[in-house]
Amino acid sequence: MPIETNFIFSANSFQDYLDCPRRFELKYLLKQNWPAEESEPVLEFEHNAELGNRFHRMVHQYLNGVPQEILLASIQDAALHEWFANFHAFYSSRKFVQIFSEFSLRAVINQSPLVAVCDLIALTADGNLWILDWKTSAKKTRRENLNDRIQSILYPFIALECADRIFPDIRLQAENIHMAYLFVQHPADNLLTFDYSPDSHQQNRAFLTATIGEILSKEPGTFECTAEARRCRFCVYRSLCERGITAGNLAELEDASDLQDTLSNLDFDAQEEIAF
Amino acid sequence: MALTYTETQQNVIQLPLDSRAFLEGPAGSGKTSAALARLERILQHVPGHEVLILVPQRSLGKPYYDYVKNNPDYRGSLPSILTLGGLAQRMTNLFWPLVAEQAGFRDPVRLPYFLSLETAQYCMSRIVDPKREQGLFNSVTIEKNRIYSQILDNLNKAAVVGFAIDEIAARLKADLNLEPSLAPALDQAQACALDFRRFCFDYNLMDYSLQIEVFFKHVWPLPHCRKYFETFYPHVFFDNIEEDVPAAHDLMQAWLPECKSALLIMDRQAGYRTFLGADPSNAEALKSVCDRQIIAQDTFKSLTGMVDFQIALTSCIRHEPSAAILPDLNPVLTLKDFHFYPEMLAGVADEIAGMIKNASVQAGEIVILAPYLSDALKFSLEQLLQNRNIHSYSSRPSRMYLDEPAVKCVLAFAKLAHPQWEMTVSHFELRDALMQTLPNLDVIRADLIAQTLYAPSTGLKSFDGVTNPQMQARITFAFGEKLEQIRAWLQTYASKDALPLDIFLSRLFGELLSQKGFGFFDRYEAGAHIAQLINAIKSFRQFLSVVFGMDEISTGIEFIRTVEAGLLPSAFLNRDEAPRDAVLIAPAHAFLMENRAVACQFWLDIGSLGWWERLNQPLTNPYILRRDWQPGTVWSYNQDFNANQEHMQRLVSGLLQRCEKHLYVYSVQTNERGSEQRGPLLQAFQTLRKRVFATQGGKDV
Ligand code: SF4
C-alpha cells in the first residue's frame, strides 16, 4: 500500500522510520497490529508509563489553574511527589506570560502535514518561546543523543512555522525559540536546552524535506530492515522479520545508553499523537 | 478546483466574524459545506485552538476532521472536535481535584475511572445479578445484558434530559402499553439505578450519566472551567444540533452569549437519534441566543426521480392519497422478494457483484442496511461478499473476532498452559488449534495427534514418548518436532510464575506461534485478530486491578468468565477512515449518522417490524424520558403507534435523501427467525406498487 498523500508525520512516525524503515512500513502503511511483547518485564514498563502519565496529567492540571496544595494532597506516590516538587521548583523560577499545556501544532512541508504535541509552549515577556518537554525517566539522556532525536528537530521547526498563527501580535524569529527537556526525577541540573537559529531552521527544513521525500518515494516492500539488529530486541515485529525470539529486557538498556536514549517506542513520556 | 457557493452559503461564509448565527435547512442543502468554508474563513483570523466544533456523535465530526486533515496548507494550532461526552470527560478529568469531594466520591484523591459502555455493563451486572438470583426481574423476559443496558440508558437519559434519577420508575409507569406485571420490574430497575450510582461513588467510577452530571453540577460552574472555555472555545461550530441531547443545548445556551462567534446548524427533517435522547424541538430554542437566522433551501444534487419516489412512498406510509400520476420509479427503485433469508442475502451479494463487475458502481458507493445488525447477519454478509472478492466493512463493534479460529487457538493454548484454571480443552479444540499452529497439518493428522498425544487430565504428551513407530510415522517427524517445541515452551512457562493472560498470549504469539515454521508467521490478519483479543484482555485487566484491586493473574479467568456470560468484550475497530473501496454494512441509523450520500442502498427484509417499531425495551422509553414530558400524563397506544409511524417516515426520508442513484428493496417471506413478518414498511411498498400499477397501465416496479 503506497503512503497516503495526506499522511501526517509526527515525532513518533519519523523516529520509527529513522530507527527502522521496515517498522515504519509495518506500523503506519500496513497498519499491522502484531501482538508480540515489545520489552520485558511488561508490568514494570506499564507501571512506569502509568506514573509518567499521572505526572503529565498533574502538571497539565496545575498549568490550568488547579492549586498546587490540592494536587500535592492528592499524590499518594512518593516518587510523584518528588517529581512534582522538582517540576515546580523549575516552573516557579520562570516568568511566562502566556502558556499552552498539552498543545498540538501542525505545519506543512511540500503539502505533507507535520504534527507536534507539546507538553508546554510558553512565551516570556521578552518574546522568547519555550517548548518544554517533561521527561520522567530515571536517567538523564545525553545531550548529543537528545540532539539527534527527531523531537529536537521537529518541534522547534513546527513551532517557528506556526508562531505567527498562535501569537499573531508577536514576530518571533528562530533565535527566540528554545527547546528544553526537564528531567523531573532530578532536583538539580535537570534542564537540557537547545537554542534555535535561522541556520538550524534551514537545516531542519532540509532534513525533514529530504526524509519525507525519501519516504514518499519508496515503493511498498522496499522499506528495509534496520542494520542495527539489537533494535529488534525491542520491537514487536521481530518474529515477522525473523530477527529473534524473545523480547529484550529493560535492564539490558542500562548498559546500552545510546540505544536506550533513542528507542522511541520505549519512551514513557511519548505523547499519544492525535489523529489530525 | 474552486468551489462555487450559493447565495445562502455565501451569506453564511461572509457573516461578520463576531456573529452568532443559526443555519437551518434540509439534508443536502449545503449547510455543512457552508460551515466548512466559514471555518476556513474563521481560521484565517483566529488561531485554531480557539475553535470548538461540537457534534452529537463522532461520525458527524468527520467533515471537519477531514477538512483539517486534508487541507494541504493548514498550519497552526488545531481546533477541538468534540461530542458533549468527550467535552465533559475532558473537563472533568482536568478539574477532578477541584470537584471530586463535593461531587460525593468516596476517595477523592484517587483518579476517576471513566467507564466504557462495556465496563459500565460489567459493573451493572455486579448490581443486578445478585438481585436476579433473589428473584427480582423475573417478570422481564429479555436477556440479562439488555436489563443492564436499559438501566444504564435510563441513567443517561436522566442526565442529558435533566431529571432526578429517583424519578425514573414513576415516569416509566406512565406507559399504558406496558404489561401490568412489569410494574415491579420498573421499581427494581429504579433501585438498581440508585445502587449503581452509589457503587460509582464508592469506586470513583464515572459512567456517561455521571460524567454529564458532574460536569454540569460541579465543573461548569468553576471559574477555571470558564477560563478554559474563554481561552480555547471562544469560536463555536455546533453541527446537527437536532441530533444532540438537551444537555448539549443547555451548555450552548449558557456559553453562546459569552463566546465570540458561533454557527449552529440544524437539519430540518432529521432527529434520528431521538431514541438516544436527541431533542430537535429543544435544539430549536437555541435560535434565541443567536443574532441571526439563515434558512438554506437550495438542494444541490438533482435527485428528481428520488425526490418523486420519496414523496410517493411517504404518502403510502401516511395512508394519504397519491398524486394523480405517479412517476416511473424503475430508474431509481428495484423491489425483490425472496422465500428465505439466506436466499435474500445471496441475492444482495450477487447484485452487488454484478454492479461492480459492470463497473456501474464502486464498492465504496454501496451500503447494505438493516434496522438492526446482528453479529450473525454481519458475518453472513461479509462472507458472501468476500466469496465474491468484494471488500466490506462495518463500523459496528462486534464480538465476532472471538469466533476467529486464530483467537480460539490461542485461548485453547491459554487453557492448556493453566491447568489450575480447571478449564478443559476438548479434543476438537486442540485439533483446531493445532491446525492453526502447524502449517499444512491436515484435519486427519491433527485429529490423530489430539487423540494420541492429548488427554484433558494429563495435557499434551511428548511425541518422542510415542512407542508405536507406525503412529510416529503417521504423525510425521516434522510435525512431531514442532509438537515438541510447543511442549517445551509450555513446560518452560509452567516452571515459572504465571503471567497475566494478555502478557501470556503476547509471549506465546511472539516467541512461538508467529515464529517461522509456525502457523501465524506472517499471517497479518490472524495477528490483527489476536491483537484485538489481547487489547481487550489488557484493558479489562487494568480496569479490574485499578478499580477493584483484583490481582493481575485472576483478571484473566474473570475475563474468560465474563466473555462466556456474553458480556465482554466487543472489539472497537479504531477506524478513523472508512476503507476506500468497500461496501458498508450497517444498521440504518448508524448510516444516517455518517451523514453522507451514496450511490446505491440495499434495504434488507423490509417486512421486519424493526423498520417501524423500536426495539422491545420494557425497562425504558425514550418518549417518556424526554424533557418535554409532562409529569402526570400517560403514554397511550395511539401515541406509541404515531411515534412509530413518524419514526419510520423520518428514517425513510433520511435514507432516501442520502441515496443518489438507486435503491434496492429486498423482502423475504420467512425471516431470520423462521417467521413471516409483514411490517408497515413492506405494506407501504405494496401500496406503492399497486398505485404504480394502477396509474401506469399495468407497468410494475
Ligand atoms: S524487528 Fe527489527 S527489522 Fe523488523 S521492524 Fe522491528 S526493528 Fe525493524
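Values for this structure:
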read-out: Scan of the stretch A:64-97 for residues that are at the interface with another protein chain (Cβ under 10 Å from one of its Cβ atoms) and under 24 Å from the mean Cα position of the chain (by Cα), ordered by number; value: A:64
read-out: Residues of the stretch A:4-30 classified as within 14 Å of chain B (Cβ to nearest Cβ) and more than 16 Å from the ligand (Cβ to nearest atom), total; value: 7
read-out: Test for residue A:33: is it open to solvent by 30 Å² or more (accessible area, probe 1.4 Å), out of contact with any His (no Cβ under 6 Å at 6 or more places or on another chain) and away from every other protein chain (no Cβ under 13 Å); value: no
read-out: Qualifying residue in the stretch A:31-39 (condition: away from the ligand (no atom under 16 Å from the Cβ) and in contact (Cβ under 8 Å) with a residue 24 or more places away in the chain); value: no
read-out: Of the criteria (1) in contact with a Leu (Cβ under 8 Å, 6 or more places away or on another chain); (2) buried (at least 18 other Cβ atoms within 10 Å of the Cβ); (3) at pLDDT below 95, which one residue B:139 fails; value: (2)
read-out: Selection from the stretch A:204-250 of residues that are open to solvent by less than 20 Å² (accessible area, probe 1.4 Å), away from chain B (no Cβ under 14 Å) and within 12 Å of the ligand (Cβ to nearest atom); value: A:223, A:226
read-out: Test: residue in the stretch B:58-67 that is under 22 Å from residue A:158 (Cα atoms), at the interface with another protein chain (Cβ under 8 Å from one of its Cβ atoms), open to solvent by 30 Å² or more (accessible area, probe 1.4 Å) and part of a loop (DSSP other than H, G, I, E, B); value: no
read-out: Filter result (exposed (fewer than 15 other Cβ atoms within 10 Å of the Cβ) and outside any helix (DSSP H, G or I)) within the stretch A:192-203; value: A:193, A:195, A:197
read-out: Strands (runs of 3 or more DSSP E) within the stretch B:187-305 that include 3 or more residues of a type in the set (A, V, I, L, M) and under 30 Å from residue B:14 (Cβ atoms); value: B:261-267
read-out: Residue count for the stretch B:81-107, restricted to those that are crowded, with 18+ Cβ neighbours inside 10 Å, within 11 Å of another protein chain (Cβ to nearest Cβ) and farther than 12 Å from residue B:211 by Cβ; value: 6
read-out: Residue check, residue B:516 within 14 Å of chain A (Cβ to nearest Cβ) and surrounded by fewer than 18 Cβ atoms within 10 Å (Cβ to Cβ); value: yes
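The values are calculated or read from the model by the stated rules, or taken from the named source; none is laboratory data. Remember, predicted model here, so these are calculated numbers, not experimental data. Cβ sites come from the backbone with ideal geometry, for glycine too, and all protein chains shown count toward neighbours. In case anyone asks, the SASA skips ligands and DNA or RNA and just uses the protein heavy atoms, side chains included. Shrake-Rupley method; radii C 1.70, N 1.55, O 1.52, S 1.80 Å.
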